[in-house]
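Structure first, commentary second.
The values are calculated or read from the model by the stated rules, or taken from the named source; none is laboratory data. Quick caveat: nothing in here was measured; it's all calculated off a predicted structure. Heads up, the Cβs are rebuilt from the backbone with ideal geometry, glycines too, and the neighbour counts pull from every protein chain shown.
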Amino acid sequence: MDYTEKMLRDDALKGKNIIVTGGGSGLGKAMSKYFMELGAKVAITSRNLEKLQNTAKDLEEATNGTCFAVQCDVRHYEQVEQMRDQVIQEFGSVDILLNNAAGNFISPTERLSANAFDTIIDIVLKGSKNCTMALGKHWIDNDEKEKNVLNIVTTYAWTGSAYVVPSATAKAGVLAMTRSLAVEWAKYGIRFNAIAPGPFPTKGAWDRLLPGDLKDKFDLAKKVPLKRVGEHQELANLAAYLVSDFSAYVNGEVITIDGGEWLKGAGQFNLLEAIPEEMWDQLEAMIKAKKGD
Ligand code: COA
């Protein structure tokens, strides 16, 4: 099966103007590319303007679409407002916000400085809040409807996870914001949804989450019932659907795309997968022998 196949019909996002935070690399870049292939104009933002401009050039060449690079540190509300205004000036309006920018690294929590914890909360939770508020207020004040926000979270937003506690804490907040505003701002014609991706390797995330030879020691594909990591296009397909009008009745949902990874960690007896087929006959006989005991 070809997991890189593109899902939506041509022009599915024609006429849509989309802001993708953290769009300069990794999954943000992959989603931006597909949005452009579907006819959207995309503004990508991050702290590094040079990287953004290179990405914008790459994406325009690859898709014949329009990509606008805007420098913005999502931690600072004034910068987010400026970014929003620059995109509106360039595109005329914004229809979709994809809160994708994130910060994360592994560490025992007791080793973190107060500033280290704050840094992740500021990028992930405050950054998503800043962009959501800046766009939301603009849409509401101008009575603009049929808008939507897509937040990238993670499955440990609800399970929690050791060694990435600031990220887990912040992503749980983003998920709560997604569900809360899906209800509160529906009356303004603004939908909110989230995606919780499992392992979709990118250089940026992998170097921070599995540095050095940890990549070889912890093969994340082995944790996935489907025994593979995700293809970027699979995530891009889901994101494109969720920001498109095809999902107009989907609101307040978080869709997990992880090959069953988090459930494998959760189910009490899932470890029985290690039992070889031939042993099940003996086990069945032992269990049946207990009948009536
Ligand atoms: N372990 C412990 N503390 C760490 C750390 C690590 N691996 N990396 C950074 N910190 C601490 C720093 O020491 C600093 O705290 P201090 O001032 O008390 O010393 C604090 O975190 C902020 O680090 P700094 O490098 O100044 O922040 P930054 O704003 O330049 O960078 C990061 C933010 C740390 C999240 C950086 O990794 C980044 O830019 N990431 C963006 C991309 C990303 O993470 N994507 C998500 C991939 S899953």
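Structure values in brief
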| quantity | calculated |
| --- | --- |
| Flag for Phe200 being touching a Gly at 6+ places or on another chain (Cβ under 7 Å) and under 24 Å from Lys264 (Cα atoms) | yes |
| So Lys215, is it modelled with pLDDT under 95, touching a helix residue (DSSP H, G or I) at 6+ places or on another chain (Cβ under 9 Å) and surrounded by fewer than 20 Cβ atoms within 10 Å (Cβ to Cβ) | yes |
| Test: Val153 is touching a residue at least 24 places away in the same chain (Cβ under 8 Å), within 14 Å of the ligand (Cβ to nearest atom) and crowded, with 23+ Cβ neighbours inside 10 Å | yes |
| Scan of the stretch 42-55 for residues that are part of a helix (DSSP H, G or I) and surrounded by fewer than 23 Cβ atoms within 10 Å (Cβ to Cβ), ordered by number | Leu49, Glu50, Lys51, Gln53, Asn54, Thr55 |
| Of all residues in the stretch 79-94 being out of contact with any Phe, Trp or Tyr (no Cβ under 9 Å at 6 or more places or on another chain) and either modelled with pLDDT under 95 or acidic (Asp, Glu) (or both), the one that is nearest to the ligand (Cβ to nearest atom) | Glu81 |
| Test: residue in the stretch 69-78 that is within 16 Å of the ligand (Cβ to nearest atom) and of a type in the set (A, V, I, L, M, F, W, C) | yes |
| The stretch 134-148 residues that are over 18 Å from Cys72 (Cα atoms), paired with ones that are assigned to a loop (DSSP other than H, G, I, E, B) and at pLDDT 95 or above (beta carbon under 6 Å, 6 or more apart) | Lys145/Gly189; Glu146/Gly189; Lys147/Asp95 |
| Members of the stretch 1-41 found to be polar (S, T, N, Q), within 15 Å of the ligand (Cβ to nearest atom) and part of a strand (DSSP E or B), listed by number | Thr21 |
| Within the stretch 186-197, considering residues that are without any contact (Cβ under 8 Å) to a residue 60 or more places away in the chain and in contact with a strand residue (DSSP E or B) (Cβ under 9 Å, 6 or more places away or on another chain), the one surrounded by the most Cβ atoms within 10 Å (Cβ to Cβ) | Ile190 |
| Test: residue in the stretch 261-269 that is surrounded by 15 or more Cβ atoms within 10 Å (Cβ to Cβ), touching a residue at least 12 places away in the same chain (Cβ under 8 Å) and over 20 Å from the mean Cα position of the chain (by Cα) | yes |
| Residue satisfying all of: in the stretch 119-132; more than 11 Å from the ligand (Cβ to nearest atom) and of a type in the set (A, V, I, L, M, F, W, C); surrounded by the fewest Cβ atoms within 10 Å (Cβ to Cβ) among these | Leu125 |
| Residue within the stretch 166-185 that is within 16 Å of the ligand (Cβ to nearest atom), assigned to a helix (DSSP H, G or I), closer than 17 Å to Ile19 by Cβ and touching a residue at least 12 places away in the same chain (Cβ under 8 Å) present | yes |
| Residues (within 24 Å of Val80 (Cα to Cα), in contact (Cβ under 8 Å) with a residue 40 or more places away in the chain and near the ligand (Cβ under 6 Å from one of its atoms)) located in the stretch 106-118 | Ala116 |
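Let's see how each residue does on (1) at pLDDT below 95; (2) in a helix (DSSP H, G or I); (3) on the phi > 0 side of the Ramachandran plot:
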position: Leu226; (1), (2), (3): no, no, no
position: Asn237; (1), (2), (3): no, yes, no
position: Leu242; (1), (2), (3): no, yes, no
position: Tyr249; (1), (2), (3): no, no, no
position: Ile255; (1), (2), (3): no, no, no
position: Gly259; (1), (2), (3): no, no, yes
